[in-house]
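Here is the structure we will look at.
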Amino acid sequence: MTWAIGIMAGALVCGCIARAGSSPDVLWHIVHEKCAVQANAGPCEETDTHAGYAVLKDRVGVGQYLVIPTQRVTGVEDPLVTRPDAPDYFAYAWRQTARVNGRLPHPLPPEDMSLAINSAYGRSQNQLHIHVDCIRPDIKVALHWASPRLGRDWTDLPLAGHAYRARLISVGDLSGARPFGLLAHDLADPAREMGQHTLVITAVRQPDGQTAFVMLDDRVDIAHGDLASGEELQDHECRIQHFP
């Protein structure tokens, strides 16, 4: 999560910009104390307490949104995210790509959109938040060329100088795909390892014209300066909108 959203959030919660960068709980205070009690009249553009999420426009970027649980969930490492009855956060987040498109001069296709959650080492806020925004143009190109190799098993796919891996997870719709659970299933010790991972979801166009969703995963590698921040694959300026 960016410094700028921390400033905005601090201003909304306490009117004290100077304190914004020091608290990792700013997002939680916004959702818990503002959005959840005021429904759709607070700083969030949408709050669905039944489904368990709120939607907040980030000040950074042309169309970036954050999808945030309305209950206390620290991040990717929180055991709540892999429970069978957990809210389908990534599916809810993908629906918010329509909001991103609503802030652009013309709507973009699914393969230009992305969702990202940073690892426990690569974030500034201790309330789970999924970044919803445009994909970087170079990442879209890399995925296009890699798409013939992608399947249900993991494939190594270096991106942005880091050791990502990729796999297809669903076709047409993210509902029920449950990326958190898929990642946890592949780890030897999820309780200890989940917090070291970042997840990014985007889409690719298959040869038959269908849209398939791709899950990208990277793991913290402190020795090589990799904090596993999948947000790095997004472009908050959404330059891809200017490509033909």
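Just a few scattered comments:
- Ellipticity estimate at 222 nm from DSSP helix runs (n ≥ 4, -39,500 (n - 2.57)) divided over the chain, nearest 500: -5000 deg cm²/dmol
- A Förster distance of 25 Å, applied to the separation of the beta-carbon atoms of D189 and S124, puts the FRET efficiency at 0.45.
- Relative protection proxy for 198-209, 75-86, 226-237, from highest mean packing down: 226-237, 198-209, 75-86 (other beta-carbon atoms within 10 angstrom).
- Around R95: net Lys/Arg minus Asp/Glu count, Cβ-Cβ under 11 Å: -3
- Per residue accessible area of region 25-242, 1.4 Å probe, in Å²: 42 Å²
- Extreme residue, positive dipole direction of region 25-242, given options Y92, S119, V26 (C-beta unit charges): Y92
- Contact order normalised by residue count of region 25-242, Cα under 8 Å, 6+ apart, percent: 23 percent
- Here the dipole of the chain is about 360 debye; that uses its Cα centre as origin and unit charges on the Cβ of Lys and Arg (positive) and Asp and Glu (negative).
- When the Gaussian network model of the chain links Cα atoms closer than 10 Å, the mean-square fluctuations of Q38, Q196, Q64 top out at Q38.
- Net charge, G61 excluded, C-beta distance under 15 Å - Lys, Arg +1, Asp, Glu -1: -2
- The reciprocal of the average 1/r between distinct C-alpha atoms defines the Kirkwood hydrodynamic radius, which for region 135-244 equals 14.7 Å.
The values are calculated or read from the model by the stated rules, or taken from the named source; none is laboratory data. Quick caveat, the model's predicted, so the values are computed rather than measured. So basically every Cβ, Gly included, is an ideal-geometry build from the backbone, and we count neighbours across all protein chains shown. In case anyone asks, the SASA skips ligands and DNA or RNA and just uses the protein heavy atoms, side chains included. Shrake-Rupley method; radii C 1.70, N 1.55, O 1.52, S 1.80 Å.
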